Amino acid sequence: MTGVQTCALPISLAEGLECLKNHSSDLVLLDLGLPDSWGLKTVDKLHQSYPQIPVIVLTGLADEEAGVEAIKRGAIDYILKPFKPEGLRTRIGIVLQIIELQQKLLLLANTDELTGLVNRRHFFDILEREILQAKIKGSSLAVMMFDIDHFKSINDSYGHLGGDRKSVVEG
């Protein structure tokens, strides 16, 4: 996670989108009433531009349906105004914990437990992306694969899990 960075307030949606373009952000606190955008359209515009950044909606509308609709449109939470600072800090903390857990899960899903290197699934995701980029740029792409663990015969005899156990025991 990065340190807390904010853009100068009050802010319009256009200024907020510009700020997001120029700064790495873990979370956006979004008021539904901005000078250049009002209501749930604000959530839509932000989510279209930055779908990967979680958004907590702050709203003075004492309408729970608007908060639920904001979540359906991509917000992660909503808080009715006026709010207590401790409540806001707690909700922000929960969202940041969720982000951290998602990053850990992604790391576990994409790396080999024994070596810490990217696993086959992640390799093929990267390869697919590189092939697409090469097609878009009209450039070539070369891929070479080497078997560096010399466990092919063990893997062939005992399977990959057996080879993993053997490498841990002998490693």
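Just read off the accessible area of E100 with the full protein assembly in place, 1.4 Å probe, to the nearest 10 Å². Near enough 80 Å² of accessible area.
Pairs exceeding a 20 Å alpha-carbon distance, out of K104/K135; K45/K72; K21/K135: K104/K135; K21/K135.
As a fraction of the 1.4 Å probe accessible area of the chain, surface on carbon and sulfur atoms comes out at 59 percent.
For the chain, the 222 nm mean residue ellipticity estimated from helices alone, with every DSSP H stretch of n ≥ 4 adding -39500 (n - 2.57) and the total spread over all residues, rounds to -17500 deg cm²/dmol. Accessible surface computed residue by residue for the chain, with neighbouring protein chains in place and a 1.4 Å probe, gives 74 Å² per residue.
Counting heavy atoms of the protein chains alone, H23 has an accessible area of about 80 Å² for a 1.4 Å probe. Full extension of the chain between I98 and S24 gives 24.9 nm of extra length, using 0.36 nm per residue less the Cα-Cα distance. Scaled against 2.2 N^0.38 Å for its residue count N, the alpha carbon radius of gyration of region 13-171 is 1.54.
Over all other residues within a Cβ to Cβ distance under 12 Å of L34, the charged ones net out to -1, with Lys and Arg as +1 and Asp and Glu as -1. Between amide H atoms placed 1.01 Å from N, distances below 5 Å from L58 occur with L30, D31, L32, I79, all of them 5 or more places distant or on a separate chain. Only helices reaching 27 angstrom along their own axis (Cα) with mean Kyte-Doolittle hydropathy no lower than -1.0 count here, and for the DSSP H runs of the chain these are 85-110.
The alpha-carbon of K152 sits under 18 angstrom from the alpha-carbons of these aspartates and glutamates, leaving out residues fewer than 8 places away in its chain: D112, D164, E170.
The values are calculated or read from the model by the stated rules, or taken from the named source; none is laboratory data. Here the structure is a predicted model, which means the values were calculated and not measured. Virtual Cβ from ideal backbone geometry, glycine too; neighbours counted across all protein chains shown. These accessible areas exclude ligands, DNA and RNA; they are computed on the full protein's heavy atoms, side chains included. Shrake-Rupley method; radii C 1.70, N 1.55, O 1.52, S 1.80 Å.
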